[in-house]
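Encoded as structure tokens, the structure appears first; notes follow it.
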Amino acid sequence: MTREEYPFENRQDVDLSKLAAERMPLQDYSRAHQGLIIPRHDILIRYNGAILLVVRDNFPAKGILWPIGGRIERGVPTEESLRRIVKRETGLTLSGHLIDFGSRRTYFQTDPFGHGHGTDTINERFFGRAEGELKLDDMHINPTLVRGKDYTQEFRTQLHPYVRDFMDLAMSFNR
């Protein structure tokens, strides 16, 4: 593990494979989504000399520029879970060390299930580099590669505040 995670109990290593679980049936996840804070991880990816943002094609944050990310997989170290999601959502492979930017919380009135209770997430934020051929899954559209010269004040003001603050941190690493 490369970040501070503690798979120990009673002075012994925890077998993470015993924590892994099949994905919840959609109906069960919808019910959990109604009443729980959802743990997520997002990453701003340096790809082809720019930072990758995508337009989400699902709620919350549907139709706006957003980093790649998703729910943290149960029983999987955070960075490994993120690497899997990046591969699944973009076809890209993260290379090298990921930089941990800490966590932030997001709140939305919308949700992907229409239960009317919105979405409440806590988001672990990372920055990393990727290689490969970009091929988005069906939940993301319109990949946007943001170079330093593109990251103008006008562009910044069009971003969701979470994405803008995240981008502000990442731009100093986009070299």
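Just so you know, all these numbers are worked out from the coordinates, no wet-lab data involved. A quick note: this is a predicted structure, and the numbers were derived from the prediction, not measured. A quick note on method: Cβ atoms are made from the backbone with ideal geometry, for glycine too, and the neighbour counts reach across all protein chains shown.
Antiparallel versus total DSSP beta bridges in the chain: what percent is that, nearest 5? Antiparallel: roughly 75 percent of the beta bridges in the chain.
Using the Cα centre as the reference, give the magnitude of the dipole from point charges on the C-beta atoms of the chain (Lys, Arg: +1; Asp, Glu: -1; all else neutral), rounded to the nearest 20 debye. Let's see the in-between values first.
Working: 25 positive and 25 negative charges, 73 e Å.
It works out to roughly 340 debye.
Each residue of the range 65-78 is assigned a 3J(HN,Hα), and the resulting list reads 5, 8, x, 6, x, x, 5, 6, 6, 5, x, 10, x, 3 Hz, derived from the Karplus form 6.51 cos²θ - 1.76 cosθ + 1.60 (θ = phi - 60°), x at Gly and Pro.
Work out the FRET efficiency for residue 15 and residue 104 from their Cβ-Cβ distance, taking R0 = 35 Å, and round it to the nearest 0.05. The partial results should precede the final answer.
Numbers: r = 31 Å, r/R0 = 0.89.
For R0 = 35 Å, the calculated efficiency reads 0.65.
Ranked by the mean number of other Cβ atoms within 10 Å per residue, highest first, peptides 156-166, 108-118, 84-94, 8-18 order as 84-94, 156-166, 108-118, 8-18. Assuming a ≥ b ≥ c are the square roots of the Cα gyration tensor eigenvalues, decide whether the range 55-175 counts as rounded (a/c under 1.5), prolate (otherwise, with a/b larger than b/c) or oblate. Since a/c stays below 1.5, the shape of the range 55-175 is classed as rounded. Where a ≥ b ≥ c are the square roots of the eigenvalues of the C-alpha gyration tensor, would you call the range 1-48 rounded, which needs a/c under 1.5, or, failing that, prolate if a/b is larger than b/c, or oblate? Oblate.
The packing ranking, built from the mean of other Cβ atoms within 10 Å per residue, places the peptides 41-53, 123-135, 22-34 in the order 41-53, 123-135, 22-34, highest first.
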